[in-house]
1. Given charges of +1 on the Cβ of Lys and Arg and -1 on the Cβ of Asp and Glu, with all other atoms neutral, how large is the dipole of chain A about its Cα centre, in debye to the nearest 20?
2. Chymotrypsin sites (Phe, Trp or Tyr not before Pro) within region A:687-746: which are DSSP loop residues with at most 10 other Cβ atoms inside 10 Å?
3. Output wanted: per-residue J couplings in Hz (rounded whole) for region A:67-78, from phi through Karplus 6.51 cos²θ - 1.76 cosθ + 1.60, θ = phi - 60°, x for Gly and Pro.
4. Restricting to region A:587-732, compute how many DSSP beta bridges are antiparallel as a %, nearest 5.
5. Place the peptides A:175-183, A:839-847, A:415-423 in order of packing, highest mean first, counting for every residue the other Cβ atoms within 10 Å and averaging per peptide.
6. Could you give me D for region A:761-800, from Stokes-Einstein at 10 °C and 1.306 mPa s, where the hydrodynamic radius is the Kirkwood radius over C-alpha pairs? Units µm² s⁻¹, please.
7. From the phi of every residue in region A:476-481, what ³J(HN,Hα) in whole Hz does the Karplus formula 6.51 cos²θ - 1.76 cosθ + 1.60 yield, where θ is phi - 60° and glycine or proline is x?
8. Is the C-alpha gyration tensor of region A:385-439 telling us rounded, prolate or oblate? Criteria: a/c under 1.5 is rounded; beyond that, a/b larger than b/c is prolate, otherwise oblate.
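The values are calculated or read from the model by the stated rules, or taken from the named source; none is laboratory data. A quick note: this is a predicted structure, and the numbers were derived from the prediction, not measured. Note that each Cβ is placed from the backbone with ideal geometry, even for glycine, and that neighbours are counted across all protein chains shown. Side chains included, ligands, DNA and RNA excluded: accessible areas come from the protein's heavy atoms. Shrake-Rupley method; radii C 1.70, N 1.55, O 1.52, S 1.80 Å.
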Amino acid sequence: MEYSFKDIEPRWREAWKSAGIYKVAEDAAKPKFYVLDMFPYPSGAGLHVGHPLGYIASDIYARYKRLQGFNVLHPMGYDAYGLPAEQYAVQTGQPPGITTAENIRRYRSQLDLLGFSFDWSREVRTCDPDYYRWTQWAFLQMFNSYYCYDAAQARPISELTCVFEQQGTRGMNIACTEPMSFSADEWRAMSEAEQQKLLMNYRLAYLGDMQVNWCPALGTVLANDEVINGLSERGGYPVEQKLMRQWCLRISAYAQRLLDGLETIDWTDALKESQRHWIGRSEGAEMRFELVAQPSMPGGALEIFTTRPDTIFGVTFMTLAPESDYVAQVVTPDRRAAVDAYLESVRRRTERERQADRSVSGVFSGSYAINPLSGKEVPVWISDYVLAGYGTGAIMAVPGHDSRDHAFAKHFGLPIIPLIEGADVTEESFDAKEGIMTNSGFLNGLSVKEAIAAAKHHIESSGIGRVKVNYRLRDAIFSRQRYWGEPFPIYYDAQGIPRAVPEHKLPLLLPDVDKYLPTETGEPPLGRASRWAWDTVREEVVDVSAIDRRTVFPLELCTMPGFAGSSAYYIRYMDPTNAEALAAKPAVDYWRNVDLYIGGSEHATGHLIYSRFWNKFLFDTGAVCEDEPFRKLINQGMIQGRSSFAYRINGTNTFVSYNLKDRYETTELHVYVGLVSNDILDVEAFRAWNPEYRDAEFILEGDRYVCGWQVEKMSKSKYNVVNPDEMIEKYGADTFRMYEMFLGPLELSKPWDTNGIDGAHRFLRRLWALFYDRHSGLTVSDEAPSAEELKCLHRLIRKVTGDIERFSFNTAVSAFMICVNELTALKRSSRAVLEPLLIVLAPFAPHMAEELWHALGHESSVCTAAWPQWDEAILAESLVTYAVSFNGKTRFSISLAADISREAAEQAALSHELAAKWLEGRSPRKVIVVPNKIINIVV
RNA sequence: GCUCGAAUGGUGGAAUGGUAGACACGAAGGACUUAAAAUCCUUUGGCUAUUGCAGCUGUGCGGGUUCGAGUCCCGCUUCGAGUACCA
């Protein structure tokens with residue numbers, strides 16, 4: 001009997017599906033294990049061979065854990081809101097809901113071919129009202145919460161109003177947009193509208209005027225992680241800075257907890273490092289510089305942040321960000337024109353221009369500030385090298401010891417003072433935090449480290465400032481001026497105050513619109529909705545019969561960003577159909593959090609930060625029971641394309657083979673990889689591929705045309721996309737799974753090379769041949785296995801178990817190949833060996849394992865068997881190596897028969913001629929027994 | 001610039017500080033076939049030898065630790081990823 005995957009694979013997939021063997025439910029009798037893949041955005045292009053890599057790995061692990069007796073939650077769903085569907089809708093008028101549903105169908109049919117063990121009854125889609133109802137719900141929870149630093153958790157906003165009633169802001173240590181201070185009396189004297197406006201300063205989901213990344217081409221605002229090198233992540237359009245009133249999430253309140261949480265989770269150092277960098281904690285001091293009084297100027301002070309308070313005696317000027325609120329305060333009438341011109345030129349530049357052109361620019365404001373320590377007056381400048389969004393948007397400039405300040409000072413001829421003994425700062429600043437202080441008053445003679453501490457102490461005690469920790473992490477801008485996203489459950493009352501849509505009215509449905517573009521008046525696309533859920537809201541909250549909704553009482557017309565729906569989806573999987581809660585308490589208490597999360601590293605600073613924040617917030621509210629959502633995380637590498645090239649001689653339609661191309665002037669052209677096998681071009685297929693090449697001539701090497709190749713991103717335009725469906729059609733899902741794992745370490749990026757898949761396929765056929773002879777059928781015998789056979793099996797079990805545990809799937813596949821090669825050479829097929837082998841194989845090649853398992857007479861599925869244990873005794877090597885040490889140090893090792901006693905080994909080691917020579921005059925302390933070591937005696 | 005990671009045959013890659021190159025692809029040669037496919041066998045880092053059955057050399061470069069280094073430490077080179085005026 002031949003190995004016929006085309007018959008086997010669909011049959012078992014159908015059987016598993018109808019038996020529902022992958023359905024899970026909470027089961028207190030079994031330990032739980034939650035294996036999660038980052039759910040995909042279903043793009044129109046479908047899957048290419050890179051997508052399933054992580055899914056195959058997680059499937060292997062999930063199956064392995066099941067065989068080990070764990071109750072495994074392994075769900076899948078779709079991150080269905082996104083820009084491509086909306087852009088397609090703008091172009092074609094096709095509603096994004098319809099395109100998305102189609103794409104999901106296609107994704108599902110492709111995923112189904114791979115034999116995954118997902119519990120599809122738990123599928124979620126972020127665009128499904130039953131799902132986004134809970135996204136809206138979570139938003140409202142944040143809207144109705146504030147963050148208390150003392151309690152280090154989110155609290156209900158109602159609690160805050162109670163406190164304000166009684167004591168105002170006195171003694172409150174809470175997260176806010178602007179620091180505020182008022183008494184209980186002042187609070188009580190405010191109107192409701194004023195109070196609401198004030199509360200906005202504290203809500204975790206709040207409406208604020210923010211400098212945002214505005215992308216004119218996309219017509220929407222983008223979060224920091226959606227902007228790369230000044231261009232939008234999607235589409236690569238220019239992005240500019242703009243002040244807009246937007247919904248934001250006060251994620252900055254969680255900065256320290258997000259940082260601390262990293263210590264408790266099992267992620268790669270690289271990933272933790274990039275999160276740490278994104279959070280960007282820095283310790284320093286905030287300090288006040290009084291402005292020098294001038295006629296007709298308001299005066300006041302500049303608040304600055306610095307991490308180098310020790311350098312304060314080297315301050316020779318101050319710099320403000322152009323967008324800083326301080327600017328209005330410092331510009332003198334005679335400098336007004338020059339400053340306005342500068343501000344205008346800064347405003348005109350796009351983010352990309354700003355990043356590309358780092359030349360020094362700035363303008364003097366006309367004001368001076370007083371150094372609080374030295375008492376010296378220094379000029380106040382304005383320059384775009386200072387960022388409005390970080391610290392206070394104002395700095396004290398120390399050109400001697402900061403390279404940016406140095407460049408600025410040189411450019412404008414400002415003084416530069418050295419503060420470290422022996423440092424020459426005429427050409428370059430001395431940025432290192434080392435050396436002995438000089439020119440620094442009471443700090444003279446101290447090391448930099450001591451000086452920082454001393455300066456901080458002085459600043460605190462003298463009241464000119466305070467020690468402060470600053471974070472780079474910005475609040476997340478949460479509004480998108482788009483159609484295809486979750487609507488905000490927010491309406492604006494007659495006074496324009498944002499109000500929450502009552503919880504029982506959720507979900508607030510995304511309305512149909514006739515066009516997916518902004519309205520003529522510049523409102524987001526939702527402004528086109530004719531009735532929408534508006535009626536529902538109105539009925540609920542206000543007793544009016546005829547109000548014009550747009551002008552008097554509008555709903556929020558923005559939608560939420562992509563990360564909204566993906567921030568808590570792993571919780572919804574625990575209880576996906578619950579209509580009363582995001583997930584019921586028993587389900588949450590049982591599944592807790594994700595034990596293994598697999599996905600791409602591109603989400604390091606986006607999804608994985610937002611999701612941790614979202615989870616921590618829900619943890620504070622008691623909705624979830626774990627502080628961190630993802631216990632262990634693995635980033636699978638990207639599968640790159642392996643592009644093939646043909647070389648056309650310039651000005652002709654003649655192609656020259658790779659190794660001869662240097663004799664001609666040629667142009668390198670991408671060739672569709674499907675036309676190339678082992679770098680040999682199918683010339684006829686190439687001519688048929690593109691009319692342009694119909695009459696192409698070829699200069700061959702021997703009788704073949706050899707193509708060049710290069711590793712590139714997999715993309716349509718490079719003709720290097722390999723489709724998994726085709727691979728499965730040709731080789732079967734089991735071969736495909738084995739080969740993807742065999743390609744290399746899971747976490748490494750590597751090129752797809754179709755050439756190698758034959759090896760994986762050959763392996764499966766050889767395995768099949770252990771069971772079936774072409775002529776005589778099933779060849780498995782019930783005789784007792786030989787010692788060699790048993791050894792093969794147990795070596796395999798030990799190796800594969802260890803490899804799966806450490807996610808080294810490529811070496812596990814190799815172990816299978818070695819084992820099958822050995823068993824084939826032994827020419828024996830004992831049931832006692834092959835049965836456990838099938839169980840171990842099942843996570844990797846489930847279809848074949850199931851087929852053969854049943855061929856051996858089993859009724860139940862191999863997926864429900866028990867993982868076998870290996871026996872060390874069977875594996876004991878005939879030689880054992882004894883490492884000889886003394887004085888606690890290993891000196892050499894000696895290999896002896898395994899059954900030799902410890903005393904005899906010691907004796908043997910000592911009596912060995914070389915050993916004895918080496919040991920002459922020294923006394924060995926002990927003999928360490930190290931099994932399976934190499935015979936290697938060095939003296 | 002900063003942070004992190006990587007570098008091993010023609011290719012993908014293996015190797016708790018212990019015989020470097022497992023496993024696989026590709027290539028070369030052979031067997032079986034009318035032929036092809038499939039399958040099987042042999043060789044395959046480099047150099048020298050191969051009628052001398054072996055020797056030398058070898059994990060990006062330079063040092064160091066160690067009886068012993070692809071692996072650990074220090075200093076470079078190159079490539080990749082992330083980040084970028086964060087005071």
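1. So the magnitude is around 780 debye.
2. On the way: sites: A:W689, A:Y693, A:F698, A:Y705, A:W709, A:Y719, A:Y731, A:F736, A:Y739, A:F742; in loops: A:Y705, A:Y719.
Answer in residue order: no site qualifies.
3. Working through the residues one at a time gives 5, 7, x, 7, 8, 9, 8, 9, x, 8, x, 9 Hz.
4. Values: 17 of 25 bridges.
Percentage antiparallel, nearest 5: 70.
5. A:839-847, A:415-423, A:175-183
6. On the way: Rh = 11.7 Å.
The diffusion coefficient I find is 136 µm²/s.
7. My calculation for region A:476-481 gives 7, 6, 10, 9, 10, 8 Hz in order.
8. Working: a/c = 2.47, a/b = 1.52, b/c = 1.62.
Oblate, since a/c reaches 1.5 and b/c is not below a/b.
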